[in-house]
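A.B. asks: Below is the structure I would like to discuss, written out as structure tokens.
Taken together, the values in this text are just the output of simple stated rules run on the coordinates, not laboratory data. Just so it is clear, the structure is predicted and the values come from calculations on it, not from any experiment. Here the Cβ positions follow ideal geometry from the backbone for every residue, glycine too, while neighbour counts run over all protein chains shown.
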């Protein structure tokens, strides 16, 4: 097998690995989907092969790829309220690059085993998250009160319902006190709480 055929086989294997991993991300509607993961995996394989053919230090190549992927990973993370989203997708992008580099170094068995392990982990964790979602869900509530005296009264509702909460911040908007809470409870408890807040005369307005 000549050098060109061997390189094309590596690119093809890298494409398949990226496609499998990318389909999983695409299926769950993540920021980095099929096309992005394929491009990252294939790019990492190609960069590694070209660098090795030039006689470049492999450690330097790997560190540069990891640094470059870090910028892409940072791009898929975003803040939603007080939470950070996209961390798992960013980690998946790093993994795609690592698999691409491993394939370029003919570490096929290791690449396949890692890919299977990661897919299994993502599938298992996704099922667990769906089950836990029913029993424990975190939401951020922004409650606007008519006056500051009503804050303790609403927090007594949390205590009565045995709801775990933490006060993120308290501020003023349009001369009304506004409290931001991070509340953790089951989906049914969230529904009942939101219904009670909507009916309460103590609450001027609230957002979830």
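A.B. asks: Just want to confirm a number: the relative contact order over region 136-207, from Cα pairs under 8 angstrom separated by 6+ residues, in percent.
C.D. replies: Once normalised by length, the contact order is 47 percent.
A.B. asks: For residue 124 and residue 168, calculate 0.36 nm times their separation in residues minus their Cα-Cα distance, and state this gained length in nm to one decimal.
C.D. replies: Extra length available between residue 124 and residue 168 comes to 12.7 nm.
A.B. asks: Using the 10 angstrom Cβ neighbour count as an exposure proxy, how do 111, 14 rank, fewest first?
C.D. replies: By the 10 Å Cβ count, ascending, the order reads 111, 14.
A.B. asks: Sorted by average packing, counted as other Cβ atoms within 10 angstrom per residue and highest first, what order do 34-47, 156-169 take?
C.D. replies: The densest-packed peptide leads the list: 34-47, 156-169.
A.B. asks: Helix-only estimate, please: 222 nm mean residue ellipticity of the chain, summing -39500 (n - 2.57) across DSSP H runs of length 4 or more and dividing by its residues, to the nearest 500.
C.D. replies: Taking each H run of at least 4 residues, the total per residue is -22000 deg cm²/dmol.
A.B. asks: What is the fewest-to-most order of 141, 108, 191 by other Cβ atoms lying within 10 Å of their Cβ?
C.D. replies: Fewest-to-most ranking of 141, 108, 191: 191, 108, 141.
A.B. asks: From the list (1) 44, 42, 30; (2) 79, 33, 23; (3) 80, 47, 34, can you say which value of Cα extents along the principal axes in Å was derived from the structure given?
C.D. replies: Label (2) holds the value from this structure.
A.B. asks: For region 136-207, what does the alpha-carbon gyration tensor say about shape, rounded, prolate or oblate, given a ≥ b ≥ c as the root eigenvalues, a/c under 1.5 as rounded, and a/b over b/c as prolate?
C.D. replies: The shape class here is prolate.
A.B. asks: Counting other beta carbons within 10 Å of each residue's own, what order do 124, 23 fall into, fewest first?
C.D. replies: The order, fewest Cβ neighbours first, is 124, 23.
A.B. asks: Also: Below 8 Å between Cα atoms, with a sequence gap of 6+, how large is the relative contact order for the chain in percent?
C.D. replies: RCO, the chain: 17 percent.
A.B. asks: Once you have the Cα-Cα distance between residue 105 and residue 196, take 0.36 nm times their residue separation minus that, and quote the gain in nm to one decimal.
C.D. replies: 26.7 nm
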